[in-house]
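The values are calculated or read from the model by the stated rules, or taken from the named source; none is laboratory data. The structure displayed is predicted, hence computed values, not measured ones. FYI the Cβ positions are ideal-geometry reconstructions off the backbone, even for glycines, and counts take in every protein chain you see.
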Amino acid sequence: MDTKKLDIEAITLLQQAPETEPERQYFFMEELKKWYQAQVERLKRPLTFSVQTFGCQMNAKDSEKLAGILKTVGYEEVEGENADFVLYNTCTVRENANTRVYGRIGYLGNLKKKNPEMKIAMCGCMMQEAHVVEKIKKSYRFVDLIFGTHNIYKLAELLYLRIHGPKMVIDILESTEQIVEELPSERKFQFKEGVNIMYGCNNFCSYCIVPYVRGRERSRRPEDIIEEMQKLAAAGVTEIMLLGQNVNSYGKTLAQPVSFAELLKMAEKVEGIRRIRFMTPHPKDLSDEVIEVMKHSEKICHHVHLPMQSGSSRVLKVMNRKYTKESYLALVERIKEAMPDVALTTDIIVGFPGETEEDFEDTLDVVRKARFSSAYTFLYSKRTGTPAASMPDQVPDEVAKERFNRLLAVVQEISAELAEADTGKVVEVLVEERNAQDASLMTGRMANNLLVHFPGDEELLGQYVKVSLNECKGFYYIGERVK
Ligand code: SAH
Ligand code: SF4
Ligand code: F3S
């Protein structure tokens, strides 16, 4: 970072700032509070901010941390991009995630011309790629702050530096061993929340950029995770989603190793939490112990998101997934045997380099056998720097698209069959929001992760109610409350 351009006040303050985290960030938040008050007096109005999340649950969790810091400083949150501080928390897992960001930065530039107070920050996974930062530096000079995934917690310090110095502050760390927690966070939902149990990924699936932009695997200490859950429960949260790129390898790198199954057992004991979910388990090491804990648990939802990526053992090998078609199906069987009511969902990539019609048929075969209640299907997207990007036999777009459509048809048919089979049942749901299309309906989430829309009002938000699944609409239901 270029600190040469800082003013005297900032240089003096930097010398006084504590070196340890998170104390250092609280110090900068205090400084920013004073600056914020001065702005409010000057402009005779509050300053607003907006964080736009482009990626996965972990990206969303980071956005909550950014929002928490800005709210502490005094900023008021608004929905759209008409704000005094707009932050794009980016994703780069597939090319279209990048395209969406580039498509919108130009628009931000126009907004900034109209609002001289406006600041723009780009952060998250895309910023860990050098070519992205170069492009922004060159083509989008109006961006104020650029930082990556490893220093989200430093927002207050970086904003402070921006105010007191260079027009563009760039701070990207290649990697980190550090886990900085205990900073403010602004929850999107009052009754459910994601909790990071680990950061990074060591799996290096050959198509995937995540290990390059999120760094090596680091687990949080179990006592810190449980303490966060207890605090959330005390604040009214009843549903927790434990987050990590490969939750099964949780705890391996801790000074005192703890397994994911052990963590689940500890998590279950947190009073006030009624539902526990987790995302994402890797099929190569989902242990029988975890299945056993789930089977006997009152709180862990019988929903397993088990990304298969491909049904072809040959493709799986080249993908570096470390399981085969047969071992994946055997795992599915073990899970279903232990929990006959389980809902299985998955991720599938179509058109991985070298994928033949026969490979693709294997994927369809697994889909038919495993019977997923839903599947996220993706067209393979070439990510620069990953081994798959330079593999021969990249599948032509038309071929991949045609397979994609065939896969989607099979996936949807099975989802609809499974959902139809539950029609008429009465289930317990957590009421999450008002329906966006029809304001007379509320939306509830079932333990198996499916949604049901039913007549009700906002007082039900955050409550657990019983709903009958009257009509199946493919992958969701229309229902009504039963006492
Ligand atoms: N850690 C999780 C997945 C994280 S990324 C796991 O191992 O399953 C979420 C999903 O994006 C992946 O499951 C995969 O299906 C998809 N994905 C990742 N890289 C991709 C790429 N290059 N092209 C298309 N889809 C991709
Ligand atoms: Fe990517 Fe594989 Fe890691 Fe998942 S496990 S984040 S797909 S490298
Ligand atoms: Fe998540 Fe996208 Fe980063 S999926 S980890 S935000 S690349």
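Can you find a residue in segment 286-299 that is within 16 Å of ligand 3 (Cβ to nearest atom) and in contact (Cβ under 8 Å) with a residue 40 or more places away in the chain?
Scanning segment 286-299, I find no residue that is within 16 Å of ligand 3 (Cβ to nearest atom) and in contact (Cβ under 8 Å) with a residue 40 or more places away in the chain, so the answer is no.
Within segment 427-449, can you find the residues that are assigned to a loop (DSSP other than H, G, I, E, B) and surrounded by 15 or more Cβ atoms within 10 Å (Cβ to Cβ)?
Result: ASN435, ALA447, ASN448, ASN449.
Being away from ligand 2 (no atom under 16 Å from the Cβ), in a strand (DSSP E or B) and either under 18 Å from PRO46 (Cβ atoms) or free of Cβ contacts under 8 Å to residues at least 40 places away in the same chain (or both) narrows it down to one of ILE120, ILE105, so name that one.
Sole residue among the options that is away from ligand 2 (no atom under 16 Å from the Cβ), in a strand (DSSP E or B) and either under 18 Å from PRO46 (Cβ atoms) or free of Cβ contacts under 8 Å to residues at least 40 places away in the same chain (or both): ILE120.
Just give me the residues in segment 145-179 being free of Cβ contacts under 8 Å to residues at least 60 places away in the same chain, under 30 Å from LEU254 (Cβ atoms) and in a loop (DSSP other than H, G, I, E, B), in sequence order.
If the condition is that a residue be free of Cβ contacts under 8 Å to residues at least 60 places away in the same chain, under 30 Å from LEU254 (Cβ atoms) and in a loop (DSSP other than H, G, I, E, B), then ASN151, ILE172, LEU173, GLU174, SER175, THR176, GLU177, ILE179 are the ones that fit.
Restricting segment 252-268 to residues that are without any contact (Cβ under 8 Å) to a residue 40 or more places away in the chain and either at positive phi or not hydrophobic (A, V, I, L, M, F, W, C) (or both), which is farthest from ligand 1 (Cβ to nearest atom)?
That would be GLN256.
Can you run down the residue pairs with Cβ atoms below 7 Å, 6 or more apart or on separate chains, where the first is in segment 36-50 and closer than 15 Å to ILE163 by Cβ and the partner is among the polar types (S, T, N, Q) and assigned to a helix (DSSP H, G or I)?
Going by the 7 Å Cβ cut-off, the qualifying pairs are LEU47/GLN39.
Restricting the first residue to segment 351-368 and requiring it to be surrounded by 14 or more Cβ atoms within 10 Å (Cβ to Cβ), which pairs with a second residue that is of a type in the set (S, T, N, Q) meet a Cβ separation below 7 Å and a spacing of at least six or different chains?
Every condition considered, the pairs that remain are PHE352/SER310; PRO353/GLN394; ASP359/SER310; ASP359/SER312; ASP362/SER312; THR363/SER310; THR363/SER312.
Counting only residues that are outside any loop (DSSP other than H, G, I, E, B) and touching a residue at least 60 places away in the same chain (Cβ under 8 Å), how many does segment 180-194 have?
Final tally of qualifying residues: 2.
Could you look through segment 28-59, keep only residues that are more than 16 Å from ligand 1 (Cβ to nearest atom) and under 24 Å from ILE105 (Cβ atoms), and pick out the one that is surrounded by the fewest Cβ atoms within 10 Å (Cβ to Cβ)?
GLN52
Checking the structure you have, find out if any residue of segment 77-90 is crowded, with 16+ Cβ neighbours inside 10 Å and over 18 Å from GLY109 (Cα atoms).
Scanning segment 77-90 turns up no residue that is crowded, with 16+ Cβ neighbours inside 10 Å and over 18 Å from GLY109 (Cα atoms).
Which residue out of VAL431, VAL411 is β-branched (Val, Ile, Thr) and farther than 20 Å from ILE273 by Cα?
Step by step, each of VAL431, VAL411 is checked, and only VAL411 is β-branched (Val, Ile, Thr) and farther than 20 Å from ILE273 by Cα.
If we keep just the residues of segment 198-219 that are in contact with a Leu (Cβ under 9 Å, 6 or more places away or on another chain) and either farther than 14 Å from ASN246 by Cβ or in a strand (DSSP E or B) (or both), which is nearest to ligand 3 (Cβ to nearest atom)?
Among those that are in contact with a Leu (Cβ under 9 Å, 6 or more places away or on another chain) and either farther than 14 Å from ASN246 by Cβ or in a strand (DSSP E or B) (or both), it is MET198.
Tell me, yes or no, whether segment 400-410 has at least one residue that is buried (at least 19 other Cβ atoms within 10 Å of the Cβ), more than 16 Å from ligand 1 (Cβ to nearest atom) and of a type outside the set (D, E, K, R).
So far as segment 400-410 goes, no, none of its residues is buried (at least 19 other Cβ atoms within 10 Å of the Cβ), more than 16 Å from ligand 1 (Cβ to nearest atom) and of a type outside the set (D, E, K, R).
Can you pull out the residues in segment 320-338 that are crowded, with 19+ Cβ neighbours inside 10 Å and over 22 Å from the mean Cα position of the chain (by Cα)?
TYR323, LYS325, TYR328, LEU331, VAL332, ILE335
Could you check how many residues of segment 92-123 are closer than 17 Å to PHE49 by Cα and either within 14 Å of ligand 1 (Cβ to nearest atom) or of a type in the set (A, V, I, L, M) (or both)?
7
Go through the residues of segment 130-144 one by one and say whether even a single one is touching a helix residue (DSSP H, G or I) at 6+ places or on another chain (Cβ under 9 Å), in contact (Cβ under 8 Å) with a residue 40 or more places away in the chain and not in a loop (DSSP other than H, G, I, E, B).
The answer is yes, given that some residue of segment 130-144 is touching a helix residue (DSSP H, G or I) at 6+ places or on another chain (Cβ under 9 Å), in contact (Cβ under 8 Å) with a residue 40 or more places away in the chain and not in a loop (DSSP other than H, G, I, E, B).
Identify all residues within segment 180-202 that are farther than 24 Å from MET266 by Cβ and surrounded by 18 or more Cβ atoms within 10 Å (Cβ to Cβ); write none if there are none.
Correct list: PRO184 only.
Among the residues of segment 3-17, is any out of contact with any Ser or Thr (no Cβ under 8 Å at 6 or more places or on another chain), of a type in the set (Lys, Arg), surrounded by 13 or more Cβ atoms within 10 Å (Cβ to Cβ) and in contact (Cβ under 8 Å) with a residue 24 or more places away in the chain?
No, segment 3-17 contains no residue that is out of contact with any Ser or Thr (no Cβ under 8 Å at 6 or more places or on another chain), of a type in the set (Lys, Arg), surrounded by 13 or more Cβ atoms within 10 Å (Cβ to Cβ) and in contact (Cβ under 8 Å) with a residue 24 or more places away in the chain.
If you scan segment 231-271, which residues turn out to be among the small types (Gly, Ala, Ser), surrounded by 14 or more Cβ atoms within 10 Å (Cβ to Cβ) and not in a loop (DSSP other than H, G, I, E, B)?
If the condition is that a residue be among the small types (Gly, Ala, Ser), surrounded by 14 or more Cβ atoms within 10 Å (Cβ to Cβ) and not in a loop (DSSP other than H, G, I, E, B), then ALA233, SER249, ALA261, ALA267 are the ones that fit.
Quick one: which residue in ASP341, ASP347 is surrounded by fewer than 21 Cβ atoms within 10 Å (Cβ to Cβ), away from ligand 2 (no atom under 16 Å from the Cβ) and either under 23 Å from the mean Cα position of the chain (by Cα) or assigned to a loop (DSSP other than H, G, I, E, B) (or both)?
ASP341
Have a look at ILE69, ILE120 and point out the one that is modelled with pLDDT of 95 or more, away from ligand 3 (no atom under 16 Å from the Cβ) and over 20 Å from LEU243 (Cβ atoms).
Testing whether each residue is modelled with pLDDT of 95 or more, away from ligand 3 (no atom under 16 Å from the Cβ) and over 20 Å from LEU243 (Cβ atoms) leaves just ILE120.
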